[in-house]
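Shown next, in structure tokens, is the structure this report addresses.
Only the coordinates and a few stated rules stand behind these numbers; no lab work does. In this text the structure is predicted, and so the values were computed from the model without any measurement. Neighbour counts run over all protein chains shown; Cβ positions are idealised from the backbone, glycine included.
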Amino acid sequence: MRLRTPFLAALLAAACGGAAASDRVSVMGVDRLSGALSAQEVELPATDLSAVRGPAGMFTVNGASPDCSVRRKVNGALVARTVRCVTLLGQYAAMERARQFLLSAGAEALLPAPVLADEGAAAGLHYLPAADAFALGEGPEGARVPAGLNPGGVAREMARRQLRGVASEEAEGIALFLGAAAAADPGYLASSEPGGDPVGHLDLSRPLPAGAPASAVLAGALWAWADASGDLVGASRAALAAARALSGAADPAAVLSLVADQLVGAERDQACAVFRARLRATGISACP
């Protein structure tokens, strides 16, 4: 696929320079503050860089293990020798960033899953439950951030794997929220849409239209509370704990009740107020 000019420029920057400590790896990534795509130098512990495999996943390209030899830049940091491998290591780094966020929120330390980076795969990272694997494709063309490097989108798919034993609507809603928490952005999906999101349909902080799916209602309520509390990791921890407590399919009110039940005092009062406002209902059993 043809690379857009800003993306190509950033790839070349990753291969050519930037100050950092030694034993770091130069990759493509999204800056945590600006949200811009840029060359970054990150640590990827316990990772076989040449094969692009480690705790976050085990990459294959069109059925074969990649061959990504690396070299040292003048500042001592490592960088892949080809643009394709700079991209692959950036996508791996995005998965490792998501994994670290989920672990900080109390997620299970799962064994690494296969990551099938094949030509023709849909843009971005997608969890395949039947295979317990991920599919990874480049693009989409015209998006501000490639979907495979989108911190929130990658975290959402990593969360889907964590939640594979939870009913689909509840898992989808919690995973959608966890992506927003990992990116610290309720509209994280828009940056990987070619036309963006001019009317805010992908923004969890916006009021939902009538008939919105239960997953969006749940994710929006969780984001509203996390934003109000100012503790994205704590809210993510509560959401994952609620998911583990689910015994079957449940509506958003039941899931939010499991979240609120973990809180006490003013924290519970705040959460209950936000949940009631977002659901426009009082059927949250932990919020009498």
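For the reader, a short list of remarks on this structure follows.
- Taking Cα atoms only, the orientation of helix 265-279 departs from the longest principal axis of the chain by about 90 degrees.
- The coefficient of translational diffusion for region 144-216, derived via Stokes-Einstein from the alpha carbon Kirkwood radius under 20 °C and 1.002 mPa s, stands at 171 µm²/s.
- Counting charges near A184 (Lys, Arg +1; Asp, Glu -1) among other residues having Cβ under 10 Å from its Cβ returns a value of -1.
- For the chain, the longest principal axis of the C-alpha atoms and the axis of helix 151-162 are separated by about 70°.
- Whole-angstrom Cα spans of the chain along principal axes, big to small: 62, 38, 36
- Summed residue charge, Cβ within 9 Å of D132's Cβ, Lys/Arg positive, Asp/Glu negative: +2
- Neighbour count of at most 12 Cβ within 10 Å plus DSSP loop: longest GluC sites (Glu not before Pro)-free window in the chain: 120-288
- Kirkwood Rh in Å, taken over all unlike Cα pairs in region 198-288: 13.2
- Here is how the number arises for the chain: DSSP H runs of 4 or more residues each give -39500 (n - 2.57), the sum is divided by the residue count, and the result at 222 nm is -13000 deg cm²/dmol.
- Over all other residues within a Cβ to Cβ distance under 13 Å of G63, the charged ones net out to -2, with Lys and Arg as +1 and Asp and Glu as -1.
- Here region 1-162 is treated as a Stokes sphere of Kirkwood radius computed over C-alpha pairs; at 25 °C and 0.890 mPa s its diffusion coefficient rounds to 157 µm²/s.
- Under the Karplus curve 6.51 cos²θ - 1.76 cosθ + 1.60, θ = phi - 60°, whole-Hz ³J(HN,Hα) for region 50-59, x wherever Gly or Pro sits: 5, 9, 6, 8, x, x, 7, x, 10, 7
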